[in-house]
Amino acid sequence: MKKWRKRLGKTVIFGLLAIIVLLGTGAVYEQVSYRKDLKSYVPSGKLYNVNGNNMHVYSGGQGDVTVVFASGWGTANPYVDFYPLYDKLAPHVKFAVYDRFGYGYSDVTDTKRDIDTITEEIHEVLQLSGQKPPYLFVGHSLGPSRRSGMHRSIRMKSRGSLFWMAGVRNITTKRMMMSR
């Protein structure tokens, strides 16, 4: 009986040590790879300081209207995702593709993520990056809630909004209230 307990104790201790070593090795590997990636992948656009954090904007094109692209919640890098659109639009209009905080080349932030805060951040990065109104906001997925807030806040500077595959918060809320 004592022999069995002793073996079990050694097995548990060895297993825990193995788990700790594997977790430590994984954490070191992740940090080294993360730092290597930061050096390897440089932003395609420019980084602008918004509330103490860097926000990435890629812009180009020519024209009187600035088309502002913003992605839904699941898009890791809007610069890549919107390429087919802004590539074709560039000869006709100016465009700006921004990465929300925590996505693409933008920093991660601890700032509250509500519609008003995000709207202020978008407005500020557009100004810092030299994007001039009028704007046409183009959104995908859940992005329209941000752009509808942005559209409301700078209505005089906006020509309108275009949403596709959109889950608009107000419509969903109204439907839910009607079904009660």
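The values are calculated or read from the model by the stated rules, or taken from the named source; none is laboratory data. Every value quoted in this text rests on a predicted model; they were computed, and no experiment measured them. Here the Cβ is made from the backbone with ideal geometry for all residues, glycine too, and neighbour counts use every protein chain on show. Keep in mind that these areas ignore ligands, DNA and RNA; they rest on the heavy atoms of the full protein, side chains included. Shrake-Rupley method; radii C 1.70, N 1.55, O 1.52, S 1.80 Å.
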Study note, to complete from the structure: Residue pairs within 6 Å by beta carbon, gap of at least six or interchain, first lying in the range 107-119 and of a type in the set (A, V, I, L, M), second open to solvent by less than 30 Å² (accessible area, probe 1.4 Å), listed first then second, are I115/G149; I118/R146
Practice item. Six or more apart or on different chains, Cβ under 6 Å: which pairs go from a residue in the range 23-50 that's closer than 30 Å to K112 by Cβ to one that's open to solvent by less than 100 Å² (accessible area, probe 1.4 Å) and small (G, A, S)? Could you list them? Key: Y48/S129
Point to revise | Output for the range 80-102, where each listed residue is surrounded by fewer than 18 Cβ atoms within 10 Å (Cβ to Cβ), within 16 Å of the chain's Cα centre (by Cα) and farther than 11 Å from Y58 by Cα | key: D81, G102
Point to revise | Filtered residue count, the range 101-118, keeping only those that are in a helix (DSSP H, G or I) and either in contact with a Leu (Cβ under 8 Å, 6 or more places away or on another chain) or at pLDDT 90 or above (or both) | key: 0
Exercise for review: Being open to solvent by 100 Å² or more (accessible area, probe 1.4 Å) and not aliphatic (A, V, I, L, M) is the filter here, so list the residues in the range 7-24 that pass it.
Suggested key: R7, K10, F14
Point to revise | Pairs where the first residue, in the range 122-136, is of a type in the set (D, E) and the second is open to solvent by 60 Å² or more (accessible area, probe 1.4 Å) and part of a loop (DSSP other than H, G, I, E, B), C-beta under 9 Å, 6+ apart | key: E124/N51
Review point. Say we look at the range 25-43 and pick out the residues that are open to solvent by less than 90 Å² (accessible area, probe 1.4 Å) and polar (S, T, N, Q); which of these is nearest to V57 (Cα to Cα)?
Key: S40
